[in-house]
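A short write-up of the structure that comes next.
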Amino acid sequence: MLLNVLGSSGAFPTSESPCSGYLVEHEGFRILLDAGYATFPALLRHTAAESIDAVLITHGHPDHCADLNPLLRARALGGNDPARLPLYSPPRALDAVLALDRPGMLDDAYDKHEFTPGESFVIGPFAVDTRLLPHWLPNAGFRLTAGGTTLVYTGDTGPSPHLIELARDADILIAEATWPEHVPAEAAEVLSSAAQAGATAASANVGQLILTHLHPGVGATESVAAARRAYSGPIAVATER
């Protein structure tokens, strides 16, 4: 399994980083995992728009799905006539981004597959498990397994035992860590800190922790240090590559 980080900035993109987006590939099958602001240009540095085989979206906030619009425009208007792109998301998560264009303009560019978080399914060579994780909007955490490797991605989430269950013994956990130590009180149930991500990684016995969705201005060194107090395995901050 090959993972490329397209972006990881929380809330809004910066000059250094797009928002959340990950390109996951196995046996030539390419999944786009979230498509936040500014991830489409980053995607094009790795592959063509028509080469994406499926898209998984955790939830409907634009820092996780806004660049689905240029991706679909490129496939619909680029002249290569690719197959319809399967889009997987919780119910109604994509309604707003799919309504950005005139009615019917992109209808032939995608097939929408809505699922209830908690369901499991297969996409190409990937077995996909999902869990409902706490956020302001319904958010699906994803567990992708292919070729003996397991990758777990939280989307945006507050603390939850379902997250530990989802991440159990995963090779890689990509965990939302908006703040290093303490999440503001108004968001404490729906967002996480790097310290909490480290505790989750330790409890779930994951092989590697990747911190993502850091709020712009939050330092990587501070976040890694916060996660390190609970988790002794490899820790990195998601950066575009």
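So that you can scan it fast, the table gives a plain yes or no per residue for (1) without any contact (Cβ under 8 Å) to a residue 60 or more places away in the chain; (2) in a loop (DSSP other than H, G, I, E, B):
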| site | (1), (2) |
| --- | --- |
| LEU23 | yes, no |
| ILE31 | no, no |
| ASP34 | no, no |
| PHE40 | yes, no |
| PRO70 | yes, no |
| ASP81 | yes, yes |
| PHE121 | yes, no |
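Take the residues of the range 173-190 that are in a loop (DSSP other than H, G, I, E, B) and touching a strand residue (DSSP E or B) at 6+ places or on another chain (Cβ under 7 Å): which is surrounded by the most Cβ atoms within 10 Å (Cβ to Cβ)?
ALA177
Residue-wise test of (1) closer than 21 Å to THR239 by Cα; (2) touching an Asp or Glu at 6+ places or on another chain (Cβ under 8 Å); (3) modelled with pLDDT under 95; (4) of a type in the set (Lys, Arg).
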position: MET1; (1), (2), (3), (4): yes, yes, no, no
position: LEU23; (1), (2), (3), (4): yes, no, no, no
position: LEU32; (1), (2), (3), (4): yes, no, no, no
position: THR58; (1), (2), (3), (4): yes, yes, no, no
position: CYS65; (1), (2), (3), (4): yes, yes, no, no
position: LEU68; (1), (2), (3), (4): yes, no, no, no
position: ARG73; (1), (2), (3), (4): no, yes, no, yes
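Take the residues in the range 152-176 that are among the hydrophobic types (A, V, I, L, M, F, W, C) and touching a residue at least 60 places away in the same chain (Cβ under 8 Å); name whichever of them is farthest from VAL5 (Cα to Cα).
Per the criteria, the residue is ILE172.
Return a yes/no flag: does the range 196-204 have any residue that is in contact with an Asp or Glu (Cβ under 8 Å, 6 or more places away or on another chain), farther than 20 Å from SER89 by Cα and either of a type in the set (Phe, Trp, Tyr) or surrounded by 15 or more Cβ atoms within 10 Å (Cβ to Cβ) (or both).
Checked the range 196-204: at least one residue is in contact with an Asp or Glu (Cβ under 8 Å, 6 or more places away or on another chain), farther than 20 Å from SER89 by Cα and either of a type in the set (Phe, Trp, Tyr) or surrounded by 15 or more Cβ atoms within 10 Å (Cβ to Cβ) (or both).
Any idea which of ALA230, ALA170, ALA195, ALA199 is assigned to a loop (DSSP other than H, G, I, E, B), modelled with pLDDT of 95 or more and over 19 Å from the mean Cα position of the chain (by Cα)?
Exactly one of ALA230, ALA170, ALA195, ALA199 is assigned to a loop (DSSP other than H, G, I, E, B), modelled with pLDDT of 95 or more and over 19 Å from the mean Cα position of the chain (by Cα), namely ALA230.
Restricting to the range 143-152, name every residue that is out of contact with any Leu (no Cβ under 6 Å at 6 or more places or on another chain) and in a strand (DSSP E or B).
Listed by number, the residues that qualify are THR145, ALA146, THR149, THR150.
For every residue, the table says whether it meets (1) surrounded by fewer than 21 Cβ atoms within 10 Å (Cβ to Cβ); (2) touching an Asp or Glu at 6+ places or on another chain (Cβ under 8 Å); (3) at pLDDT below 95; (4) more than 19 Å from HIS26 (Cβ to Cβ).
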residue: ASP95; (1), (2), (3), (4): yes, no, no, yes
residue: ALA99; (1), (2), (3), (4): yes, no, no, yes
residue: PHE115; (1), (2), (3), (4): yes, no, no, yes
residue: LEU137; (1), (2), (3), (4): yes, no, no, yes
residue: ALA140; (1), (2), (3), (4): no, no, no, yes
residue: GLY155; (1), (2), (3), (4): no, yes, no, yes
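Kindly indicate whether SER223 is loosely packed, with under 15 Cβ neighbours inside 10 Å, over 19 Å from GLY21 (Cα atoms) and either in contact with a helix residue (DSSP H, G or I) (Cβ under 6 Å, 6 or more places away or on another chain) or of a type outside the set (Phe, Trp, Tyr) (or both).
Taking the combined requirement at face value, the residue does not satisfy it.
The values are calculated or read from the model by the stated rules, or taken from the named source; none is laboratory data. What you see is a predicted model, and the numbers here were worked out from it, not measured in a lab. Quick reminder, even Gly has a Cβ in these numbers, built from the backbone with ideal geometry, and neighbours come from all protein chains shown.
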